[in-house]
Amino acid sequence: MTVDQFPDRTIQVDGKSYLYFGGTSYLGMATNPDFQILLFDSIKTWGTSYGSSRNSNIQLRIYREAEDLLSKNSGAEAALTVSSGTLAGRLVMDYLAKTHQHFYHYPKTHPAILENASRPLFVDGKLHPGLRDEVKEAVVITADALLSLAVKPTNFDFLDDISLSKTITLLIDESHSLGIVGKDGTGVYKTINHPSISQKIMISSLTKAYGCSGGVIVGDKKLVDSIRNAVVFISAAGMNPIFLQTFVKGQDIIQNQLKKLRENLQFLYGDDHLPQQFYYDHHYPVIYSHSNVIFDYLKSKGIIITNFKYPNYDALMNRIVITANHTKDDLEQLKSALRLFQKETLH
């Protein structure tokens, strides 16, 4: 489907209007009028783009201001912004590969933090033998804080079973949790506190919930300083400063949108339960379905959802996304369609 404008709560397809429950604009920032005004004002200050190296002799103050805010929100020592979440992941992986030989990945981990020779964290339902032996070594464990096809944060209890002989670096991707999960939307990172972790790192896209094109690396000061001096970082342009200023000045708008999103979730779920064919959590704005006919069915009811083949998953992904911009009428239509789908598919 090719469209000619940003798909917000509605989408135009082949001249017909549909309700849109897809994408990743959880807080609806991309089309928020107040947020857009801040962005327009930022363009007047910083221009439309800035292609110089972050390590140039000319330094833009907004980078430090935004990164200080991001580190404060996450509870980490330091933060570093880059042009995308994927680049953030690759920069961290390159940094860790210099000092670590063994990487382990949680099932379905995003490719941005998947090392080529990474071992699966679990083998036949048990922790990998390499994490249970008594060999003293530093290892890296990578995981999505909230998997692309999950509705609850990843459970890190497996850390309890890792041998005490291992020095663990935990790298998590918060792209689908930062901004919408946790107190004030600050994500999962600050809640992961385990004595086995020697170093904790977070990378995330800022494009999804926050509507700001770019990515961030969060961790200790040593990590951030090292990546700041990496060849790829030095030779690449930074995140567009107009989004950083908009992010900093738009904190009240972001929190207001988060409040609206949570009110929408409360309205959608309330005390009711959705049909059993759907996988969801009352606190997360995504509903999944494994049905191979749900997309066409909802389209026939005037609703478009996300439907495509996602890396690391076998079947097409059917992803129903609720945003802060959906109205109560929108949500009522969605609930009605899902209930009708249950009735019609049971007969």
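Given S226, F247, T186, which one lies farthest toward the positive end of the charge dipole of the range 164-282, if we put +1 on the Cβ of every Lys and Arg and -1 on the Cβ of every Asp and Glu?
S226
Can you tell me the dipole magnitude for the range 250-327 around its Cα centre, using point charges on the Cβ only (Lys, Arg +1; Asp, Glu -1), in Debye to the nearest 20?
240
Which of the trypsin sites (Lys or Arg not before Pro) found in the range 117-158 are loop residues per DSSP with 12 or fewer other Cβ atoms within 10 Å of their Cβ?
K136
Using the Cα centre as the reference, give the magnitude of the dipole from point charges on the C-beta atoms of the range 219-259 (Lys, Arg: +1; Asp, Glu: -1; all else neutral), rounded to the nearest 20 debye.
That gives a dipole near 40 debye.
Would you mind putting 139-147, 195-203 in packing order, based on average other-beta-carbon counts within 10 Å, highest first?
Highest to lowest by the protection proxy: 139-147, 195-203.
So if we plug the beta-carbon distance of S53 and K260 into 1/(1 + (r/R0)^6) with R0 = 41 Å, what FRET efficiency do we get, rounded to 0.05?
Here the calculated transfer efficiency is 0.60.
How high is the relative contact order of the chain, given as a whole-number percent (alpha carbon pairs under 8 Å, six or more residues apart)?
Once normalised by length, the contact order is 24 percent.
Amide H neighbours of V13 under 5 Å, at least 5 residues apart or on other chains, H built in the peptide plane: list them.
Here Y18 satisfy the definition.
How big, on average over all directions, is the shadow cast by the Cα convex hull of the chain, in nm²?
If I average the Cα hull's projected area over directions, I get 18.9 nm².
For the pairs K44/K259; K72/K166; K259/K328; K208/K259, flag any whose C-alpha to C-alpha distance is greater than 23 Å.
K44/K259; K72/K166
How far apart, in nm, are the 7 Å Cα→Cβ label points at R61 and H283?
It is 3.9 nm.
Roughly how compact is the range 185-269, stated as its Cα Rg over 2.2 N^0.38 Å to two decimals?
1.36
Each value in this text was obtained by applying a stated rule to the coordinates, not by laboratory testing. Just so it is clear, the model here is predicted, and its values are computed rather than measured. In this analysis, Cβ positions are derived from the backbone assuming ideal geometry, glycine residues included, and neighbour counts consider all displayed protein chains.
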